[in-house]
Protein chains: 2
Amino acid sequence: MSDSQSTIAVASPADFHVHLRQGELSTLVTKHVRQGGFNVAYVMPNLKPPITTTDEALLYRAQLQAIDPAVQYLMTLYLSPDLTPDEIRKASRAGIVGVKSYPRGVTTNSDGGIESYEAYYPVFEAMEEEDMVLNLHGEVPSDAAANTCVLNAEPAFLPHLRKLHARFPRLRIVLEHATTRAAVDCVKSLGDTVACTITAHHLALTVDDWAGQAWNFCKPVAKYPDDRQALRDVIKQGLWFAETEDRAHVSTAMFISAGHPRFFLGSDSAPHPPETKSSATPQHACAAGVYTSPILLPLVAQLLESFGALDRLEGFVSTYGRAFYRIPIASGEAKVTLRQVQGKIIQEKWAEGNQSVVPFWAGKELVWEIVG
Amino acid sequence: MSDSQSTIAVASPADFHVHLRQGELSTLVTKHVRQGGFNVAYVMPNLKPPITTTDEALLYRAQLQAIDPAVQYLMTLYLSPDLTPDEIRKASRAGIVGVKSYPRGVTTNSDGGIESYEAYYPVFEAMEEEDMVLNLHGEVPSDAAANTCVLNAEPAFLPHLRKLHARFPRLRIVLEHATTRAAVDCVKSLGDTVACTITAHHLALTVDDWAGQAWNFCKPVAKYPDDRQALRDVIKQGLWFAETEDRAHVSTAMFISAGHPRFFLGSDSAPHPPETKSSATPQHACAAGVYTSPILLPLVAQLLESFGALDRLEGFVSTYGRAFYRIPIASGEAKVTLRQVQGKIIQEKWAEGNQSVVPFWAGKELVWEIVG
């Protein structure tokens, strides 16, 4: 994979969780997908109003293609009571790839989110038949009486994941933006139809980083150092730990440098206008979201390198996710090459028209850059 | 304690943990002690530079008395290598009440904090002889390798508290601003020389409230709902749970309405200039601190009432702390009376000269007010 000590080439990177918004903000951020080194964007449907029909998804895709036709946009629908098995079949025929489930009220534009899954079983049956993917925002709403809050909302969701997988074993399910050791262990323990995305920023942050720092605040929130370690470990050592409790009983040579094919990048890159990221008054909390798109591939390379997993880069950002989603690389498509760089500081913001966005790590140094 | 359904009278309230700052900010906030219903202020020494000598503490007290002579200021020294047993004896003779220990780097102006306690044993011996109080900011610094972060920094500190109490059983120790069930349980389990302050805001907040909301961000951070419940329970039910595991073996009538005499209010009211409370750029986190002084007694009454503990108000804000610190109420001193009120909104800020401070719960309704 590495051409020399100072460059690394990656087969067509794919970001399996992106927010491309709408209107002027979309014009600004959609162009950042390729700028960040990615050729595929798996597009979230939580617009205002959410994308709930095939026709809306196709219209949205056309809008995105008009902004940058070189990106392959994989479209999703927002799970809601409006979604029927017939609409699923129509969506599948139209090339819509997945359906995103948001628990009610836990993140940006999730007021219409779901409260219980049983009502959606007919939809999931149709999705299983059509081989569509179910994408889960895996958090339960906070409930003080149950001691549930942003810190344990993800572990509290995992029984729902286990139950869905048991009921629909052929349904491909992705637990999005995992942040806890519990989530990593759960996904490892489930079958090959269950995968997990990991963001770049959750490989960098812990709770200490968003305490008092709105720009690092996102949902799910970054958790304990040990949780971050579990995310790093599954990327670096993946199957080696996943498939055995007893090192003596496996051939480690088979697994030692494999990573884990069911854990791959979904950046959850989520742009918000800068004024919504400041809690300038006591009455309003700031928007939840970290924006990584324009620097994504160099950022992920730098993070993986920081914990000794740079050789897992291609699997994590391309081949594992593409294999799970069955999105092959077009024949003849060139690799994206990164080279080491010094003194490259992440700019404070990107702006166009009335819109601006502030990236993660603004003002910090990146040590990789995309060869233009 | 209650004159009628709509008023409540409290014997001379005492706030056993306050930051009164210096310079113009001190002029503004020191006057808020009495405005908030309090006659005694236990004053923290973390100025720039910190208060490390008797002479500095007496000068600081004189400055505070010049701002509002009606408040009784109880002074403290900042534990540092400069503090000697001789200085402890001098401080005690001069009426200095306590010594505050900050672990290095965990909160505002704690860069000179301590890293290990053994070096201070001669100081603690002198304090024990002089009957001075040791005030502990009970958090260890974050350490990713040990999985320590702001969420478990307090439980990780508790072994230090246990060790200090075992080594100095006659030394009065206060664990400041407890935020966890582990801390409450630990202090309950220790002897009568160990007490614990609880802030008003930690009776209201959980982690969800400061996630993305800088005005609710303080150190220690508010924790899980169950931790908040432990703080509420020890105020409401205190000794009843503290002294027995088996209801059949105690006379509940003795304890049922007692609260817990070793748990009392220390507001940790910590004013910061508004511009330091905003994380307007990705490069700087906001200041840690919640400001409650000007609304403190009505706020505490409202919070205790919210969990059915209004009849514990006098013990929590006055008699328990005064008994532990041996600060009697002056003979003839009038009680402070609160009355119920409707439509009273907490103002957005208090300002004087170039200084302003934004209170906790700005814009929210208070349902008690001090009878002027």
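Bear in mind that the values in this text are calculations on the coordinates, not laboratory data. Not measured: the values here are computed from a predicted model. All Cβ positions, even for glycine, are placed from backbone atoms using ideal geometry, and neighbour counts span all protein chains on display.
Can you list the distances in nanometres, one decimal and ascending, from the B:Arg93 label point to the identical position in each other copy, with the point 7 Å along Cα to Cβ?
From this label point to the equivalent ones elsewhere in the assembly: 9.7 nm.
Note down the relative contact order for chain A as a percent, whole number, built from C-alpha pairs under 8 angstrom at least six residues apart.
On the way: 758 pairs, mean separation 69.5, N = 372.
RCO, chain A: 19 percent.
Out of segment B:113-196, which GluC sites (Glu not before Pro) are coil in DSSP terms and have no more than 16 other C-beta atoms within 10 Å? Please report the intermediate quantities before stating the final value.
Details: sites: B:Glu115, B:Glu118, B:Glu125, B:Glu128, B:Glu129, B:Glu130, B:Glu139, B:Glu176; in loops: B:Glu115, B:Glu139, B:Glu176.
Of the GluC sites (Glu not before Pro), the ones in loops of segment B:113-196 whose Cβ has at most 16 other Cβ atoms within 10 Å are B:Glu115.
What is the pair-distance distribution P(r) of segment A:7-370, computed from all Cα-Cα distances in 10 Å bins starting at 0, with each bin given as a whole percent?
5, 25, 37, 25, 7, 1, 0
Just grab the label-to-label distance for A:Arg170 and B:Glu129, each label 7 Å out from Cα along the Cβ direction, in nm (one decimal).
Simple spin-label model gives 8.4 nm for this pair.
What is the gain in length, in nm to one decimal, between B:Glu348 and B:Arg93 on full extension, counting 0.36 nm per residue of separation less the C-alpha to C-alpha distance?
Values: separation 255, 0.36 × 255 = 91.80 nm, distance 4.25 nm.
Net length gain for the segment: 87.5 nm.
Once you charge only the Cβ atoms, +1 for Lys and Arg and -1 for Asp and Glu, what is the size of the charge dipole of segment B:100-233 about its Cα centre, to the nearest 20 debye? Before the final figure, lay out each step's value.
On the way: 13 positive and 19 negative charges, 42 e Å.
Its charge dipole is roughly 200 debye.
Suppose only helical runs count, i.e. DSSP H with n ≥ 4. What mean residue ellipticity at 222 nm does that imply for the protein assembly as shown under -39500 (n - 2.57) per run, divided by all residues and rounded to the nearest 500 deg cm²/dmol?
Numbers: 26 runs with 222 residues, N = 744.
Computed ellipticity for the protein assembly as shown at 222 nm equals -8000 deg cm²/dmol.
Between B:Gln35 and A:Ala9, what is the spin-label point distance in nm, taking each point 7 Å from the Cα along the Cα→C-beta axis?
Here the answer is 6.9 nm between the modelled labels.
Taking the label point 7 Å from Cα in the Cβ direction, how far apart in nm is B:Pro328 from each other copy of itself, listed shortest first?
Nearest first, the other copies' label points are 9.2 nm away.
Measuring from label point to label point, each 7 Å out along Cα→Cβ, what is the A:Val341 to B:Gln65 span in nm?
For the pair A:Val341/B:Gln65, the computed spacing is 6.4 nm.
Please work out the Cα center distance from segment B:182-199 to segment A:157-194, rounded to the nearest Å.
Using only Cα atoms, the two centres lie 42 Å from each other.
Ranking B:Ile345, B:Ile235 by Cβ neighbours within 10 Å, fewest first, what do you get? Each step should come with its number before you reach the end.
Details: B:Ile345 11, B:Ile235 26.
In order of increasing Cβ crowding within 10 Å: B:Ile345, B:Ile235.
Tell me, in nm to one decimal, what length is gained between B:Arg162 and B:Gln283 on full extension, where the rule is 0.36 nm per residue of separation less the Cα-Cα distance?
Values: separation 121, 0.36 × 121 = 43.56 nm, distance 3.82 nm.
That pair, B:Arg162 and B:Gln283, stretches by 39.7 nm at full extension.
What's the average, rounded to a whole number, of partner chain beta-carbon atoms within 10 Å of each residue's beta-carbon in A:221-232? If you can, show how the numbers build up before the last one.
On the way: counts 4, 1, 2, 6, 9, 5, 2, 3, 3, 0, 0, 0.
The per-residue average across the peptide is 3.
Tell me, in nm to one decimal, what length is gained between B:Ser189 and B:Leu58 on full extension, where the rule is 0.36 nm per residue of separation less the Cα-Cα distance?
Details: separation 131, 0.36 × 131 = 47.16 nm, distance 3.56 nm.
In short, 43.6 nm is gained.
At q = 0.06, 0.07, 0.08, 0.11 Å⁻¹, what is the log10 ratio I(q)/I(0) for the protein assembly as shown, with the Debye formula run over Cα points and no solvent?
After summing over all Cα pairs, the log10 values are -0.42, -0.57, -0.72, -1.15.
Near B:Lys31, which lysines are there with a Cα under 18 Å away, not counting those fewer than 8 places off in the same chain?
Filter leaves B:Lys349.
If we restrict to alpha carbons, what Rg and Dmax does segment B:313-372 come to, in Å?
15.8, 39
Check B:Thr148: other-chain or 5+ apart residues with amide H under 5 Å from its amide H, H built from backbone geometry?
Excluding prolines and chain starts, which carry no amide H, the hits are B:Asp143.
Can you list the residues, at least 5 places off or on another chain, whose amide H is less than 5 Å from the amide H of A:Val194, using H built in the peptide plane?
Excluding prolines and chain starts, which carry no amide H, the hits are A:Ile173.
Label position 7 Å from Cα toward Cβ: report the copy-to-copy distances for B:Thr276 in nm, one decimal, ordered from shortest.
In nanometres, ordered from closest: 3.1.
How far, in whole Å, is the closest Cβ of chain A from the axis that maps A onto B, and which residue does it belong to?
Taking the axis that maps A onto B, the answer comes out as A:Ser278, 3.
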